[in-house]
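Novice: My structure is below; once you've seen it, I'll send some questions.
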Number of protein chains: 2
Amino acid sequence: MTSKIRVAILGYGNLGRGVEAAMPYNTDMTLVGVFTRRPPEAVKTLTDVPVYHVDELLAMKDAVDVLILCGGSATDLPVQSPEWAHHFNIVDSFDNHSKIPEHFAAVDASASSGGKTALISAGWDPGMFSLQRLLGNCVLPNGQDYTFWGKGVSQGHSDAIRRIEGVKDAKQYTIPVDAALERVRAGENPELTAREKHLRECFVVAEEGADLARIEREIKTMPAYFEPYDTTVHFITQDELDRDHAGIPHGGFVLRSGVTGLSGETSQLIEYRLTLGSNPEFTSSVLVACARAVVRMDKAGMHGCKTIFDVPPAWLSPKDGAELRKLLL
Amino acid sequence: MTSKIRVAILGYGNLGRGVEAAMPYNTDMTLVGVFTRRPPEAVKTLTDVPVYHVDELLAMKDAVDVLILCGGSATDLPVQSPEWAHHFNIVDSFDNHSKIPEHFAAVDASASSGGKTALISAGWDPGMFSLQRLLGNCVLPNGQDYTFWGKGVSQGHSDAIRRIEGVKDAKQYTIPVDAALERVRAGENPELTAREKHLRECFVVAEEGADLARIEREIKTMPAYFEPYDTTVHFITQDELDRDHAGIPHGGFVLRSGVTGLSGETSQLIEYRLTLGSNPEFTSSVLVACARAVVRMDKAGMHGCKTIFDVPPAWLSPKDGAELRKLLL
């Protein structure tokens, strides 16, 4: 009889809740506790898992097989992942693509010196989308990559709108442009601008008496965030926003369009699509599967920092090799 | 400077030609030779690669890093893979799903005793589709798998039609039923019969004076092959068949429809789609990427029989870890 994998959560927001909710679906794992910087009694969990202050975490080292870091990529993970990777096997969802090499190096140094295994940038992008990009590149080396996001809520763009004077609340959807997707599917291998790939649709609650025309102009001309895109702005009431836009759906497409044959005469297309009812719950589900693999890599002596690119896929599964070959190969 | 991976091909049909054609896209590899059971001078290759008789293969052991077996799953691979896995690192595309456990055991015994690495069942199904089924199961453990094939040519079904009296030539397309795909995408998690999932469309060239009504009836009532499906039969001329149905396109869909959230209240959908201009050329491209991984697994001391489930995805790529993290993560 194998004992269950003992998981701890650090940070209890949307991601932490997602990991907690994913536990019953992963019966080879057990949740030891939620660790938080807040007073533990102030944290209301979904289940009866114990809540501890983060100051108690180090002392519980021997009771935890893997620590899932559920903080944000802007300020939490750049500090927390290197800090905890020395003492625990960890998984994080660091998603600042341009800073991944730097984050990897910091976590690798810490995990290696501690003799632990860390897996960074798990989730869907980076994560499952990255894996699809890699597989597409390996199988069709003569080809082109396309990633489209949406339809889904962009937290960063929603926040940017909320910072505009006169805006009370807002939600922004990123939407892939169908015509661009169709050109890729048709094997045209187009060079696409930001505007050709994605639309931005904004639902904005304005403060009473605010100048709506000015708000709309400020959104549409905001550099980097909205100016390079065709943007639509809808002013709605807070009730409407709460009623119709409460979810955090997301998703998107990874396509690899390539050619084979001695003269490149044959078109081949790989398309991977996610349609996610909840962005954080899906990300959490990936974190949990990766946590299983991290424990196995640690046992196999594969220490230091890893990514999804390094994980033998079978190690993400609770099933053994013979079962997987029989059922899924 | 790393030296190139030295590849040999055993068996020169559609798959062997596909591997040969894939070589220029994989500049870290070099093709040492094509090995055949036929008189070598009777084999006309696409490039100027040397052709040898299979009897010369064993003597060239030290000149080959990995042998790609390009024979068929019915009679060639069950014999060849166990035979050659003892002497060479090998990759095969064994695709008889129900016999994979048996094939794995035979190849594993041979490769293990020879201290070599073998990877079986590479291609798209089994292969990339299997990998997507595995990933879907790991990330959404509470869900259902759906695999649809097509639109594409089924060699087995085309052959079955050709064996009917009065049939000169034939091509059969397997076509996924849109309505079934849409029900899966809508999160209905339907139980689907064979008839609900796929259509079969047949293009048949009859011999002069043959009884067309009888041929059509024999096709449509053929047990297992056509009886469980809605089948359409078109009689056409040999010229039309040669002109309009010369290609070997294929593809299909792997979907994982699942739920997350503590009460399973959130729908999540993963969809993977292949649209292949040439089934054998794509399969060959997968074989080549797997051959690279096999050489690395051998160097790492990971001997015995493996499948795509055991391969760290980064090992399929010619790029190193840092480059992959920077470009694709």
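Novice: If you take the Cα Rg of segment B:1-137 and divide it by 2.2 N^0.38 Å, with N the number of residues, what do you get?
Specialist: Values: Rg = 15.0 Å, N = 137, 2.2 N^0.38 = 14.3 Å.
Here the Cα radius of gyration is 1.05 times the empirical estimate.
Novice: Now for a separate question. Treating cross-link reach as a plain straight distance, find the lysines whose alpha-carbon is under 30 Å from the alpha-carbon of A:Lys171, omitting any fewer than eight places away in the same chain.
Specialist: Of all the lysines, those that pass the test against A:Lys171 - Cα under 30 Å, at least 8 places apart if same chain - are A:Lys44, A:Lys99, A:Lys151, A:Lys197, A:Lys220.
Novice: Next question. Could you rank B:Ser154, B:Ser121 by how accessible they are, 1.4 Å probe, largest area first? Don't skip to the answer; put the middle values down first.
Specialist: Values: B:Ser154 20, B:Ser121 0 Å².
Accessible-area ranking of B:Ser154, B:Ser121, largest first: B:Ser154, B:Ser121.
Novice: Using a 1.4 Å probe on protein heavy atoms, which residues of segment A:293-326 have at least 50 Å² less accessible area in the complex than alone?
Specialist: At a threshold of 50 Å² (probe 1.4 Å), the residues of segment A:293-326 that become less exposed are A:Phe309, A:Pro313, A:Arg325.
Novice: Taking amide hydrogens as modeled 1.01 Å from N in the peptide plane, which residues meet the under 5 Å criterion relative to B:Gly152, leaving out close sequence neighbours?
Specialist: B:Thr174
Novice: Along each of its three principal axes, how wide is the spread of alpha-carbon positions in segment B:158-241, in whole angstrom units, largest first?
Specialist: Cα spread of segment B:158-241 along its principal axes, largest to smallest: 50, 26, 18 Å.
Novice: Test of understanding: given chain B, find the longest segment containing no GluC sites (Glu not before Pro) that are in a DSSP loop and have at most 14 other Cβ atoms within 10 Å.
Specialist: Details: sites that count: B:Glu165, B:Glu188, B:Glu191, B:Glu207, B:Glu208, B:Glu265.
Free of exposed loop sites, the longest segment is B:1-164.
Novice: Rg and Dmax of the protein assembly as shown, Cα atoms, in Å?
Specialist: Gyration radius and largest Cα-Cα distance of the protein assembly as shown: 26.9, 88 Å.
Novice: Kindly state, to the nearest 0.05, the FRET efficiency for B:Met60 paired with B:Arg243, given R0 = 35 Å and r defined as their beta-carbon distance. Don't skip to the end; give the middle numbers.
Specialist: Values: r = 42 Å, r/R0 = 1.21.
About 0.25, to the nearest 0.05.
Novice: Remind me, relative contact order of segment B:127-258 in percent, using alpha carbon pairs under 8 angstrom and six or more residues apart? The partial results should precede the final answer.
Specialist: Numbers: 221 pairs, mean separation 49.1, N = 132.
Taking the mean separation of contacting Cα pairs over the length of segment B:127-258, I get 37 percent.
Novice: Okay, moving on. Would you tell me the mean number of C-beta atoms belonging to other protein chains that fall within 10 Å of each C-beta in A:168-181, as a whole number? Don't skip to the end; give the middle numbers.
Specialist: Working: counts 0, 0, 0, 0, 0, 0, 0, 0, 0, 0, 0, 0, 0, 0.
Partner Cβ neighbours, averaged per residue: 0.
Novice: Okay, moving on. In terms of Cα to Cα distance under 22 Å, which lysines are near enough to A:Lys4, apart from those fewer than 8 places away along the same chain?
Specialist: The qualifying lysines are A:Lys61, A:Lys116, A:Lys299, A:Lys319.
Novice: How big is the Rg/Rh ratio for segment A:219-292, C-alpha atoms only, Rh by Kirkwood, two decimals? Please report the intermediate quantities before stating the final value.
Specialist: Values: Rg = 19.6 Å, Rh = 16.8 Å.
Across segment A:219-292, the Cα-based Rg/Rh ratio is 1.16.
Novice: Could you tell me the center-to-center distance, by alpha carbons, between segment A:33-72 and segment B:109-154 in angstrom?
Specialist: Taking the Cα centre of each part, segment A:33-72 and segment B:109-154 sit 38 Å apart.
Novice: Copy-to-copy spacing for B:Arg214, label 7 Å out on the Cα-to-C-beta vector, in nm, shortest first?
Specialist: The answer, with the shortest distance listed first, is 8.9 nm.
Novice: Using protein chains only and a probe of 1.4 angstrom, how many square angstrom of B:Cys70 are accessible, to the nearest 10?
Specialist: The accessible area of B:Cys70 comes to roughly 10 Å².
Novice: So what does A:Leu192 come to for accessible area, using a 1.4 Å probe and Å² rounded to 10?
Specialist: Surface accessible to solvent at A:Leu192 totals approximately 40 Å².
Novice: Continuing with this model, one more query. Can you tell me, using C-alpha contacts under 8 Å and at least 6 residues apart, the relative contact order of segment B:246-314 as a whole percent? Don't skip to the answer; put the middle values down first.
Specialist: Numbers: 57 pairs, mean separation 19.0, N = 69.
Contact order relative to length: 27 percent.
Novice: A follow-up question, please. Contact order normalised by length for chain B, with contacts defined as Cα pairs under 8 Å and 6 or more residues apart; what percent is it?
Specialist: Details: 637 pairs, mean separation 68.0, N = 329.
Relative contact order of chain B: 21 percent.
Novice: Follow-up. By the scheme Lys and Arg +1, Asp and Glu -1, what is the net charge of all other residues having a beta-carbon under 12 Å from that of A:Phe253? Working shown, then result.
Specialist: Details: positive: A:Arg133, A:Lys151, A:Arg185, A:Lys197, A:Arg256, A:Arg273, B:Arg273; negative: A:Asp125, A:Asp145, A:Asp178, A:Glu182, A:Glu271, B:Glu271.
Net of charged neighbours comes to +1.
Novice: What's the carbon and sulfur percent of chain A's accessible surface, probe 1.4 angstrom, rounded to a whole number?
Specialist: Carbon and sulfur together cover 50 percent of it.
Novice: Need one number: % antiparallel among DSSP beta bridges in segment A:1-141, to the nearest 5. Walk me through the numbers on the way to the answer.
Specialist: Values: 1 of 18 bridges.
Percent antiparallel among DSSP bridges in segment A:1-141 is about 5.
Novice: Taking the Cα centre as origin and putting +1 on Lys and Arg beta-carbons and -1 on Asp and Glu beta-carbons, what dipole magnitude results for segment B:171-329, to the nearest 20 debye? Working shown, then result.
Specialist: On the way: 19 positive and 24 negative charges, 213 e Å.
I would put it at about 1020 debye.
Novice: Next question, about the same structure. Taking amide H positions as placed 1.01 Å from N in the peptide plane, with prolines and chain starts having none, which residues 5 or more places from B:His198, or on another chain, fall under 5 Å of its amide H?
Specialist: Sorted by chain and number, the residues that satisfy this are B:Val177.
Novice: Putting +1 on Lys and Arg Cβ atoms and -1 on Asp and Glu Cβ atoms, find which of A:Ser257, A:Tyr146, A:Ala206 reaches farthest to the positive end of the dipole of chain A.
Specialist: Toward the positive end, the furthest listed residue is A:Ser257.
Novice: For segment B:96-181, with every protein chain kept in place, what is the accessible area per residue (1.4 Å probe, Å²)?
Specialist: Here the per-residue accessible area is 33 Å².
Novice: If you take every DSSP beta bridge whose two residues both sit in chain A, what share of them, in percent to the nearest 5, is antiparallel?
Specialist: Values: 30 of 56 bridges.
Close to 55 percent.
Novice: I want the local charge near B:Val184. Using Cβ-Cβ distances under 15 Å, sum +1 for each Lys or Arg and -1 for each Asp or Glu among the other residues.
Specialist: Values: positive: A:Arg273, B:Arg133, B:Arg183, B:Arg185, B:Lys197, B:Arg256, B:Arg273; negative: B:Asp145, B:Asp178, B:Glu182, B:Glu188, B:Glu191, B:Glu196, B:Glu271.
Overall, the nearby charge balance is 0.
Novice: Among the aspartates and glutamates, select those whose C-alpha is under 15 Å from the C-alpha of A:Lys306, and discard any that sit fewer than 8 residues away in the same chain.
Specialist: Within the straight-line limit of under 15 Å, A:Lys306 reaches these aspartates and glutamates: A:Asp92, A:Asp95, A:Glu102, A:Asp108, A:Asp298, B:Asp320, B:Glu323.
Novice: Additional query: So what J values fall out for segment A:49-59 if you push phi through Karplus, 6.51 cos²θ - 1.76 cosθ + 1.60 with θ = phi - 60°, rounded to Hz, Gly and Pro as x?
Specialist: 4, x, 10, 10, 6, 4, 4, 8, 5, 4, 5
Novice: Kindly point out which whole DSSP H helices in chain B project their C-alpha atoms 20 angstrom or further along the helix axis while averaging a Kyte-Doolittle hydropathy of 0.5 or above. All intermediate terms of the calculation are to be shown ahead of the outcome.
Specialist: Details: long enough: B:100-114 (21 Å, 0.27); B:279-299 (31 Å, 0.28).
Membrane-span-like by this rule: not one helix.
Novice: Sort largest first and round to whole Å: the equivalent ellipsoid semi-axes of chain B, each the square root of five times a Cα gyration tensor eigenvalue.
Specialist: On the way: eigenvalues 246, 175, 58 Å².
So the three semi-axes of chain B are 35, 30, 17 Å.
Novice: Sort A:Arg38, A:Arg163 by accessible area with a 1.4 Å probe, largest first. Numbers along the way, then the final one.
Specialist: Details: A:Arg38 110, A:Arg163 170 Å².
I get A:Arg163, A:Arg38, largest accessible area first.
Novice: Next question, about the same structure. Show me you know the interface measure: the accessible area buried between B and A, both chains summed, probe 1.4 Å, in Å² to the nearest 100.
Specialist: 5700
Novice: Where both partners of a DSSP beta bridge lie in the protein assembly as shown, what percent of those bridges are antiparallel, to the nearest 5?
Specialist: Bridges in the protein assembly as shown that DSSP calls antiparallel: roughly 55 percent.
Novice: Hey, what number do you get for chain B at 222 nm if only DSSP H runs of n ≥ 4 count, each worth -39500 (n - 2.57), divided across all residues, to the nearest 500? Intermediate values should be presented prior to the final figure.
Specialist: On the way: 11 runs with 110 residues, N = 329.
Taking each H run of at least 4 residues, the total per residue is -10000 deg cm²/dmol.
Novice: Where is the GNM fluctuation largest for chain B (alpha-carbon springs, 10 angstrom cutoff): B:His250, B:His87, B:His234?
Specialist: Among B:His250, B:His87, B:His234, the largest GNM mean-square fluctuation belongs to B:His234.
The values are calculated or read from the model by the stated rules, or taken from the named source; none is laboratory data. These figures come from a predicted structure and were not determined experimentally. Here Cβ is always computed from backbone atoms with ideal geometry, including for glycine, and neighbour counts include all displayed protein chains. In case anyone asks, the SASA skips ligands and DNA or RNA and just uses the protein heavy atoms, side chains included. Shrake-Rupley method; radii C 1.70, N 1.55, O 1.52, S 1.80 Å.
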